[in-house]
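Asker: Next up is a structure, given as structure tokens.
Throughout, read-outs are computed from the coordinates displayed, never taken from laboratory work. Predicted, not measured: the structure shown is a model, and the values here were computed from it. Cβ placement follows ideal geometry from the backbone for every residue including glycine, while neighbour counts extend to all protein chains displayed.
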Amino acid sequence: MNIDWTNFTPVPALAGGVLIGVAAAMLVLFNGRIAGISGIIGGVLQRSRPPGEAGWRLAFLAGLLVAPLLAAAVTGLPDIRIDAGAGTLILAGLLVGLGTRYGSGCTSGHGVCGLSRFSPRSLAATMLFMAAGFVTVYVVRHLFGGLG
Amino acid sequence: MNVIIAFLSGLVFGVGLLLAGMANPAKVLAFLDLAGAWDPSLALVMAGAIGVGTIAFSWAKRRSLSLLGLAMQLPGATDIDRRLIGGSLLFGVGWGLAGICPGPAVVLIGAGVAEGWIFFGAMLAGMAAFELSRRAGDLLHAGRRT
């Protein structure tokens, strides 16, 4: 294994992770809800949603949207680089949307909240989506030499 | 009040993603690229988030009401079924293709990145397809019973 020490950013990574944990803690301690982004978005799309379920979901998403505006005003936006073309983005988006709803969670719901609850179900989900991510990048970059 | 907390939680979450580098798809893919120049940063993002999360959830698990007096709604499912396995694998493939998961997708839109809209639109379509298939499944199920 070849570690890329020049791009390794342990301090911001750990600090950002702590903030993500604080955000998840706020939502569960005050509101009793899981900070799972795919579930929060998916719940807005549900027709059979009970009343009062849309407001907090939209407010959470508004917070996520405002975060980069705040960051841009205070420190400037960090580097954002996307190499994927439109076709890859569409395919990836479809798979992420479908997969997270079938699998009942994503990196935040299973990966952060589920592992923090010591849920075996979330541990299985996290190991599976990480493994699928590792294999996909291996296939795309090292077997096919990259995608547009 | 719970709407204000949700907004603040989303804001802190988004700032955390930006600071951690999770909102930069190139960095996420560098983490997923074990055979290339591997950037292990995102493992520390998970460690930081789970470190704080473990404390919060150990408290939450013992309570039936939140600090605002709302019902504590923790997931009750425990079975590792075909849906969980298949869904997680599909998600992982999509994540590996673009380096974007649902939270960063929303942050990218806020950052004014056009690719964020393309990904987010497709992700909503995928979620809507799930809703439709679930409704169709419910109808089919109801039809079989009657």
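Asker: Summarise the partner chain shielding of B:132-142 as one whole number: the mean count of Cβ atoms from other chains within 10 Å of each residue's Cβ.
Answerer: Whole-number average of other-chain Cβ neighbours for B:132-142 is 1.
Asker: Now for a different question. Could you tell me which chymotrypsin sites (Phe, Trp or Tyr not before Pro) in region A:40-148 are loop residues by DSSP with no more than 16 other beta carbons within 10 angstrom of their beta carbon?
Answerer: Within region A:40-148, the qualifying chymotrypsin sites (Phe, Trp or Tyr not before Pro) (loop, at most 16 other Cβ atoms within 10 Å) are A:F118, A:F144.
Asker: Let me ask another. In whole Hz, what ³J(HN,Hα) sequence does region B:49-61 give by Karplus (6.51, -1.76, 1.60; θ = phi - 60°), x for Gly and Pro?
Answerer: These are the phi-based 3J(HN,Hα) values: 5, 6, x, 6, x, 4, 5, 5, 6, 5, 6, 4, 5 Hz.
Asker: Separate question: Roughly what would the spin-label model give for A:L58 and B:R134, points 7 Å off Cα along C-beta, in nm?
Answerer: Here the modelled spin labels are 2.0 nm apart.
Asker: Continuing with the same structure: Sort A:I37, B:I50, B:I4 so that the residue with the fewest other Cβ atoms within 10 Å of its own Cβ comes first and the one with the most comes last.
Answerer: Final ranking by Cβ density, sparse to dense: B:I4, B:I50, A:I37.
Asker: How would B:D39, A:D83 line up from fewest to most surrounding beta-carbon atoms within 10 angstrom?
Answerer: A:D83, B:D39
Asker: Additional query: Among B:G99, B:L8, B:G21, flag the residue with its Cα farthest along the positive direction of the charge dipole of region B:2-145, charges on Cβ as +1 for Lys/Arg and -1 for Asp/Glu.
Answerer: Ranked along the dipole, the leading option is B:L8.
Asker: With +1 on the Cβ of every Lys and Arg and -1 on the Cβ of every Asp and Glu, and nothing else charged, how large is the dipole of region B:2-145 about its Cα centre, in debye rounded to the nearest 20?
Answerer: That gives region B:2-145 a dipole magnitude of about 600 debye.
Asker: Right, next: What nm distance separates the two modelled labels at A:H142 and A:V11, each placed 7 Å from Cα along Cα→Cβ?
Answerer: Distance between the two pseudo-spin positions: 3.2 nm.
Asker: Given the options B:P102, B:P40, B:P75, which has the most mean-square fluctuation in a GNM of chain B, springs set between C-alpha atoms less than 10 angstrom apart?
Answerer: B:P75
Asker: Okay, moving on. Convex hull volume of the Cα atoms in the protein assembly as shown, per residue, in Å³?
Answerer: Each residue corresponds to 131 Å³ of Cα convex hull volume.
Asker: Taking chain A as a Gaussian network, Cα atoms linked when under 10 Å apart, which of A:G97, A:G52, A:G114 shows the biggest mean-square fluctuation?
Answerer: Among A:G97, A:G52, A:G114, the largest GNM mean-square fluctuation belongs to A:G52.
Asker: In what sequence do B:K27, B:K61 fall when counting other Cβ within 10 Å, fewest first?
Answerer: Result, fewest neighbours first: B:K61, B:K27.
Asker: Could you tally the net charge around A:R49, taking each other residue with its Cβ under 12 Å from the Cβ of A:R49, Lys/Arg +1 and Asp/Glu -1?
Answerer: 0
Asker: What distance in nm separates the simple spin-label points at A:L45 and B:Q73, each placed 7 Å from Cα in the Cβ direction?
Answerer: For A:L45 paired with B:Q73, the spin-label model returns 1.8 nm.
Asker: Right, something else. Specify, per residue and in Å³, the volume enclosed by the convex hull of the alpha carbon atoms belonging to region A:10-143.
Answerer: Value for region A:10-143: 156 Å³ per residue.
Asker: Of the candidates B:A35, B:A111, B:A77, which one comes out as most mobile in a Gaussian network treatment of chain B with C-alpha springs shorter than 10 Å?
Answerer: B:A77
Asker: Using a Förster distance of 35 angstrom, determine the FRET efficiency expected from the C-beta separation of B:R144 and B:V3, and round it to 0.05.
Answerer: 0.30
Asker: May I pose another question? Residue by residue through region A:21-32, what is 3J(HN,Hα) from phi via Karplus (6.51 cos²θ - 1.76 cosθ + 1.60, θ = phi - 60°)? Round to whole Hz and write x for glycine and proline.
Answerer: x, 4, 4, 5, 5, 4, 5, 7, 5, 8, 9, x
Asker: I need the P(r) histogram for region B:2-145: all alpha carbon pairs, bin width 10 Å from 0 out to the longest distance, whole percents.
Answerer: The distribution over region B:2-145 is 9, 26, 36, 23, 5, 0, given as percents.
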